[in-house]
1. In square nanometres and to one decimal, what's the mean projected area of the convex hull around the Cα atoms of the stretch 36-145?
2. For a quick check: sort 93, 86 by the number of other beta carbons within 10 angstrom, fewest at the front.
3. Of the listed peptides 113-125, 52-64, what is their order by residue-averaged count of other C-beta atoms within 10 Å, with the highest listed first?
4. By how many nm would the segment from residue 146 to residue 86 grow when fully extended, if each residue of separation counts as 0.36 nm and the alpha-carbon distance is taken off?
5. So if R0 is 22 Å, what FRET efficiency would residue 29 and residue 130 give, r being the distance between their Cβ atoms, rounded to the nearest 0.05?
6. Between residue 96 and residue 121, what's the calculated FRET efficiency when r is the beta-carbon distance and R0 is 22 Å? Round to 0.05.
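Derivation of every value follows stated rules applied to the coordinates shown; laboratory data play no part. The structure presented is a predicted model; accordingly, all values stated were derived computationally and were not measured. Backbone-built Cβ (ideal geometry, glycine too); neighbour counts: all protein chains shown.
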């Protein structure tokens, strides 16, 4: 066997000797869950003008829009038998899938507004929809964190 053929055979078939690592062995970091802490930033930016700084419905715009009751957002769980209605809250905030037959929508369609903001910042990008959903879920998570606890009746 010629030297070139021998080198080729080793390259193709291997030498039979175990391969040694070239440099340090990288081990993947252990998986850690993403934890989103509820912050009031998005709420204060998008909702407080109507729903109030504390979410009880006493925002400064209620003086301008007479007859519009934004509702007490701290009572969503209480009004839903103690369970926070995550998907319903998401769909109301998003607003893009609301059915027109349900009447006039007093609340802005935040899904469209957030999408316009994402398009302005990132341009047409395939992950803009994910950015919008994450922004809405950040807000939903905050609303869940400010829910009133239904007090136990006294005996």
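1. Values: hull surface 31.1 nm².
The number I arrive at for the stretch 36-145 is 7.8 nm².
2. With the sparsest Cβ surroundings first, the list reads 86, 93.
3. Top to bottom by mean Cβ count within 10 Å: 52-64, 113-125.
4. 20.3 nm
5. 0.45
6. On the way: r = 19 Å, r/R0 = 0.86.
Calculated value: 0.70.
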